[in-house]
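What follows is a single structure, written as structure tokens, with notes after it.
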Amino acid sequence: MSGNLTRHAPYPSLRDLMDTVKREVKIEINCHAVARIESFNPEKQTVEAKISYTKTYYKKDGDGNLVPYAVAYPLLLDCPAIIIGGGGGSLTFPIANGDECLILFNDRDLDNWVSGSNNSQPEIPTLHSLSDGIALVGLRTYKGEPEEYDMERAVLEYNGAIVAVGKNGKVLVKNTATDLKAAIDSLVTALDTFATSTSTAVIEPTLGPAATALKAALVTVSTNIGNILE
Amino acid sequence: MEKFQYNYSLSVQRTISPALLRGADPTVSVELRRKFAQETQEFLQIEPPLTVDFDIVRNQLADASNSNIKIYNLNERRRSQILKDNWDFYEPRQVILQAGYGNSFSKIFFGNAVHIYSIREGVDFITEIEAFDGGNAYNNAEFTGDTGSFPAGTTYNEVINRCVSLLSPYGVERGAIRAYDGSVVKGKSFTGSIIATLLDLTNREFYIDSGFAYALRDQDVIKNSSPAEISSRTGLLGTPRRERSFVMFNMIFQPDLKIGDQVDVQSTTGEQYNGINKVVSLHHKGRISNSVSSSVTTQVGLLYHKNFTEIEAA
């Protein structure tokens, strides 16, 4: 890179100039950047994030050649985090330090908008400023989680607990200890065993028919649960 | 001010010698060598009887004020000492032109050279300097790391003051800066050009004049106790004329005006513009020489306004 800078034409053509201008424009526009979350404010639902790469500047070395050196971007402050939701409902996640995210730099200043205004001119006329970042959490590097991506289900997962909806329309609810279907199956089995023993016992004449009815109902319940839960 | 016997003093920072830049000791950083060079290297002083032409434009606009200065017949050694090509934009070479009458000088330009080169024209060697006011700051002053980070609640005055203070290493000091209302609602993280940020923060009211940073609205003027009188007695030439919202007129060289100053116009042929006005542009142009005829004029642009607010310079 330094070689390119030191070998520029002394009198650039219009084409060279326009190419340089185009490159300058692209360099100066902040569009979006990958970043790592340094802190999350659940009250304001904002993050502070650090861009995951550096800016490159040039300075002269002892021989007068321009050499590149890296400068860190500033910490991005108070970036509103996108919390999926609508109509009063929302889906929240426990955003944590170290999470990766994508910061989107708004076209205009966000100060008035974050204060609640939906129809005012920007407070200051900044354009694509680093100060106007919006965080989209969930971007991951190649080493990120989840380690095993489920291609058969839509999954909501946290700390080993899973709620998943499969292609077959069934719901899987489980954690590291058990799953809901197994727990309910156990309950049904226990009740069925109890009903079976009660229907044949001669303890109370009225219990026999009730236990028989319970057994029949348990078959229906079991079928219904099986239709919902994996 | 008695207006006769033009005089000037031009200071041009000498080039950092390639030998020094290469350095016998490679462990010495460029910054240290440059610092050493700046501390030990005197400015090249150019004074009469050498002839100089100059064309200096200063204004209250977002772009840098500029100057074009031509020096006639510097000797070869001095020409080589100040040579600078366009591409050395990391080498902020200062150019200071003071001019006036007799022994009374005013700084009419303070900036950084873009290029300095010499050519021969006929019997003359002409050394031409093109320089910009605050050129080093415009080119090189950028936020680094978290210097551009301001938490929520920081007032805009604090943000602007901090940004202006960051220009100091680039040769720009605080001048008159008006107060700006409000504070940062969400934290700000600025990067890139400090001056571009200052222009945004001040609604493009920021400018640099003679190495000082200003932020003034149209109706703001720099506080001074005695506005300069502009009349035929002090060198007013012709009749002031209005061009859009500006009032323009020519004067016999008036070196002590600066952008944002109040002046008291007393014209006998353009009385409608008489009174206190604000200087928004200055164009000094002419030649000072001991060997050929000298002539220097100043074109002054005023903003015609009725009620000015005085802002104190730092």
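Descriptive notes on the structure:
- Odd one out for A:Asp99 among (1) closer than 21 Å to A:Gly85 by Cβ; (2) within 11 Å of chain B (Cβ to nearest Cβ): (2)
- Condition met for B:Leu74 (under 21 Å from B:Asn290 (Cα atoms) and in a loop (DSSP other than H, G, I, E, B)): yes
Residues checked against (1) more than 17 Å from B:Gly187 (Cα to Cα); (2) modelled with pLDDT under 90:
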position	(1), (2)
A:Thr6	yes, yes
A:Thr20	yes, yes
A:Glu28	yes, yes
A:Val47	no, no
A:Lys59	yes, yes
A:Gly64	yes, yes
A:Ala70	yes, yes
A:Ile83	yes, no
A:Leu91	yes, no
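- Residues in region B:49-69 that are at pLDDT 85 or above and surrounded by fewer than 17 Cβ atoms within 10 Å (Cβ to Cβ): B:Pro49, B:Asp55, B:Asn68.
- Test: residue in region A:216-228 that is exposed (fewer than 10 other Cβ atoms within 10 Å of the Cβ) and either at pLDDT 90 or above or within 30 Å of A:Ile51 (Cβ to Cβ) (or both): no
- Boolean, B:Glu271 is in contact with a strand residue (DSSP E or B) (Cβ under 9 Å, 6 or more places away or on another chain) and without any contact (Cβ under 8 Å) to a residue 60 or more places away in the chain: no
Yes/no matrix, rows are residues, columns are (1) at pLDDT 90 or above; (2) over 30 Å from B:Ser149 (Cβ atoms); (3) of a type in the set (D, E, K, R):
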site	(1), (2), (3)
B:Asp200	yes, no, yes
B:Asp209	yes, no, yes
B:Phe212	yes, no, no
B:Ile230	yes, yes, no
B:Thr239	yes, yes, no
B:Ser245	no, yes, no
B:Ile288	yes, yes, no
B:Leu303	no, yes, no
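- Hits in region A:42-72 - residues which are crowded, with 16+ Cβ neighbours inside 10 Å, more than 8 Å from every other protein chain (Cβ to nearest Cβ) and among the small types (Gly, Ala, Ser): A:Ala49
Per-residue answers, yes or no, for (1) within 30 Å of A:Tyr149 (Cβ to Cβ); (2) of a type in the set (A, V, I, L, M):
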site	(1), (2)
A:Ala177	yes, yes
A:Val188	no, yes
A:Thr206	no, no
A:Thr223	no, no
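- Pairs where the first residue, in region A:21-35, is away from chain B (no Cβ under 14 Å) and the second is among the acidic types (Asp, Glu) and assigned to a strand (DSSP E or B), C-beta under 7 Å, 6+ apart: A:Val34/A:Glu100
- Top-ranked residue in region B:223-249 [being within 23 Å of the chain's Cα centre (by Cα) and among the charged types (D, E, K, R); ranked as nearest to B:Ser267 (Cα to Cα)]: B:Glu229
The values are calculated or read from the model by the stated rules, or taken from the named source; none is laboratory data. For clarity, every value in this text was computed on a predicted model and none was experimentally measured. Heads up, the Cβs are rebuilt from the backbone with ideal geometry, glycines too, and the neighbour counts pull from every protein chain shown.
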